[in-house]
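The values are calculated or read from the model by the stated rules, or taken from the named source; none is laboratory data. Computed from a predicted model, the values in this text were never measured in an experiment. Here the Cβ positions follow ideal geometry from the backbone for every residue, glycine too, while neighbour counts run over all protein chains shown. Side chains included, ligands, DNA and RNA excluded: accessible areas come from the protein's heavy atoms. Shrake-Rupley method; radii C 1.70, N 1.55, O 1.52, S 1.80 Å.
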Amino acid sequence: RFHFAGADGDTVWGQIVKTRGAQAGLPVAFLVHGGPQGSFGDAWSFRWNPKLFAAPGYAAVTVDFHGSTGYGQAFTDAINRDWGGTPLEDLRLGLAAAGREDAQLDTANACALGGSYGGFMVNWIAGNWSEGFKCLVSHSGVFDQRAMAYETEELWFSEWEFGGPYYEPSAAAAYERNNPVNLVRNWRTPMLVIHGERDFRIPYSQSLGVFNALQRRGIPSRLVVFPDENHW
């Protein structure tokens, strides 16, 4: 575990997971958790398991950015209407802090990966931090907040996160401030896009949009759709 001064000077925690006997120059799998009100805590899962990402010889790095659970309600609520602000700053500072913490990590040779909110963040990174990674993996991520606001089966969630339904002008501004589709012109990093066709939380049309944007911009990319899988 490591910690650093994140957005607004708040203490932010992260973890580095490696295999036993790891050598210097480890490429980094930079994992972004979903939720966004979640955490990479001391738990095991088939899904987004840092130890499995580390097993082939990567250093799996996680950061519990603003919005994560386990650090007090104010820290969790800080992400509300700010999906792309303080969390992105925490991730930038966190990757640099991980490199300082462990000299075995080659943070210049990194791939950012995430699912759900983590997939949103990967799509957001593509437009805001395109120089930071050799590749990206977006799994079931939000691409267009406007479409998401009308398509998701979890309507209440988008409305809670951004201050109301999209058609309210005060809320629409918050949606658009945190909308990856607005920054496609900045995309340049190769990306793997993954989605389940029975996903009603974040409909798979969101990832179709990601893939088409990548293809139209001539960016190396691949789309993998699982026809029988849901959001998980």
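One residue is enough: does the stretch 197-210 have a residue meeting the conditions assigned to a loop (DSSP other than H, G, I, E, B) and either modelled with pLDDT under 95 or open to solvent by less than 10 Å² (accessible area, probe 1.4 Å) (or both)? Yes; the residues of the stretch 197-210 include at least one that is assigned to a loop (DSSP other than H, G, I, E, B) and either modelled with pLDDT under 95 or open to solvent by less than 10 Å² (accessible area, probe 1.4 Å) (or both).
Determine, yes or no, whether F40 is part of a loop (DSSP other than H, G, I, E, B) and over 19 Å from F157 (Cβ atoms). Spelling it out, F40 is indeed part of a loop (DSSP other than H, G, I, E, B) and over 19 Å from F157 (Cβ atoms).
Based on what the data block shows, is V61 within 25 Å of G164 (Cα to Cα) and among the hydrophobic types (A, V, I, L, M, F, W, C)? Considered against the rule, which asks whether it is within 25 Å of G164 (Cα to Cα) and among the hydrophobic types (A, V, I, L, M, F, W, C), V61 comes out as no. In the stretch 27-50, the residues that are farther than 20 Å from T107 by Cα form Cβ pairs under 8 Å with partners that are acidic (D, E) and surrounded by 14 or more Cβ atoms within 10 Å (Cβ to Cβ), at six or more places apart or across chains, as follows: S39/D64. Somewhere in the stretch 59-67, is a residue open to solvent by 50 Å² or more (accessible area, probe 1.4 Å), of a type in the set (S, T, Y) and touching a residue at least 12 places away in the same chain (Cβ under 8 Å)? Checked the stretch 59-67: no residue is open to solvent by 50 Å² or more (accessible area, probe 1.4 Å), of a type in the set (S, T, Y) and touching a residue at least 12 places away in the same chain (Cβ under 8 Å).
Taken together, the criteria exclude F211 from residues that are more than 20 Å from F133 (Cα to Cα) and not β-branched (V, I, T).
Selection of the stretch 170-182 for residues being assigned to a helix (DSSP H, G or I) and either touching a Ser or Thr at 6+ places or on another chain (Cβ under 9 Å) or open to solvent by less than 30 Å² (accessible area, probe 1.4 Å) (or both) yields A171, A172, A174, Y175, P180. Restricted to helices (runs of 4 or more DSSP H) entirely inside the stretch 80-169, those with at least 1 residues that are within 14 Å of the chain's Cα centre (by Cα) and crowded, with 16+ Cβ neighbours inside 10 Å are 86-101, 117-128. Residues in the stretch 1-29 that are part of a strand (DSSP E or B), within 21 Å of A54 (Cβ to Cβ) and out of contact with any Gly (no Cβ under 8 Å at 6 or more places or on another chain): W13, Q15, I16, V17, V28, A29. None of A172, A126, A110 is hydrophobic (A, V, I, L, M, F, W, C) and farther than 22 Å from R92 by Cβ except A172. Among the residues of the stretch 6-24, those identified as small (G, A, S) and surrounded by fewer than 15 Cβ atoms within 10 Å (Cβ to Cβ) are G9, G21, A24. Taking only pairs six or more apart or across chains, which ones have beta-carbon atoms under 8 Å, a first residue in the stretch 130-154 that is over 18 Å from N178 (Cβ atoms) and touching a residue at least 24 places away in the same chain (Cβ under 8 Å), and a second residue that is in a helix (DSSP H, G or I) and open to solvent by 30 Å² or more (accessible area, probe 1.4 Å)? Note: pairs meeting the criteria are G132/R92.
Would you confirm whether or not the stretch 102-125 contains a residue that is of a type in the set (D, E) and more than 16 Å from V184 (Cα to Cα)? Yes: the stretch 102-125 contains one or more residues that are of a type in the set (D, E) and more than 16 Å from V184 (Cα to Cα).
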